[in-house]
C-alpha cells in the first residue's frame, strides 16, 4: 500500500490481511468501507473484537467454544444430553466441527485437535492434546471417528491417533471416500459429509 495512506488506515489494512483468505486488495476494501461507509459498523466491530477474548472461552471438555457469559466452561454441544456419548468425532479445526453440525449427520460428541502433525510447520506428536483425548475416550467412548482432512498431514495424524488409541479398546474409524483429497472438510457439502460418516471404515 502507498505510504500516502494515514498510518491508522495502513495498520487496519495490514491486520485485515492477516486473516485467512484475505489479500491486500480485500483488506483495503474492508478498511475503506469501515472508514468511509459505515462508522457505526466499525465501532461495533471494534467493541465485539475487544470483548471476544472475555466473551468466548474454549470448552474444557472438547476444545470447541463456549459462551463465557453463561458462566460455564463447557460448550452447548457437550451440555446437550441428547448426544450419543459412545461416539466421539475427532476433528482438526472448529470449522470442521461446524461443517458436521450443518450436515446433521453427527449426533455424537466432538474433540477438536486445533492442529495436525506437520514436521514442516514444527508440529510434532508432543504438540497434540493426546492426554486429554485418551482420557476422553476412556470415559465410555466405544467408537472414535477420525475426521481429519484427506491431506498428507491429515492422513499422518489419523494413523498416529489410531495407533495411540488402539490400547483403549475403542473402535477407531476413518471417514469414507467422497471428501476430495486435499480438500477442507469445512467446505464439503452436507450430503458428502453425511455419506462420508455413514461409510466410515476401521483404520488398520
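Coordinate-derived values only; no laboratory data. What you see is a predicted model; the values in this text were computed from it and never measured. Positions of Cβ are backbone-derived with ideal geometry, glycine not excepted, and every protein chain shown enters the neighbour counts.
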Could you check the simple spin-label distance between residue 11 and residue 41, using points 7 Å along Cα→Cβ, in nm with one decimal?
2.2 nm
Rounded to one decimal in nm, the spacing of the 7 Å Cα→Cβ label points at residue 142 and residue 67 is 3.3 nm
FRET efficiency for residue 79 and residue 4 from the Cβ-Cβ distance with R0 = 41 Å, rounded to 0.05, comes out at 0.20
Spacing of the two label points (7 Å from each Cα toward its C-beta) at residue 156 and residue 202, in nm:
2.7 nm
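Let me make sure I get this right: for the range 61-157, a, b and c are the square roots of the gyration tensor eigenvalues over alpha carbons, sorted descending. Under 1.5 in a/c it's rounded, otherwise prolate if a/b > b/c, else oblate. Which is it? Walk me through the intermediate numbers first.
Details: a/c = 1.62, a/b = 1.51, b/c = 1.07.
Verdict is prolate for the range 61-157.
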The FRET efficiency for residue 135 and residue 55, from their Cβ-Cβ distance with R0 = 35 Å and rounded to 0.05, is 0.80
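Based on the mean of other beta carbon atoms within 10 Å per residue, what is the order of 102-110, 76-84, most packed first? Walk me through the numbers before you get to the answer.
On the way: 102-110: 18.0, 76-84: 12.4.
Output ranking for 102-110, 76-84: 102-110, 76-84.
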Give the shape of the range 7-54 as rounded, prolate or oblate, defined through the alpha-carbon gyration tensor: a ≥ b ≥ c are the square roots of its eigenvalues, a/c under 1.5 means rounded, and otherwise the shape is prolate if a/b is larger than b/c and oblate if not.
oblate
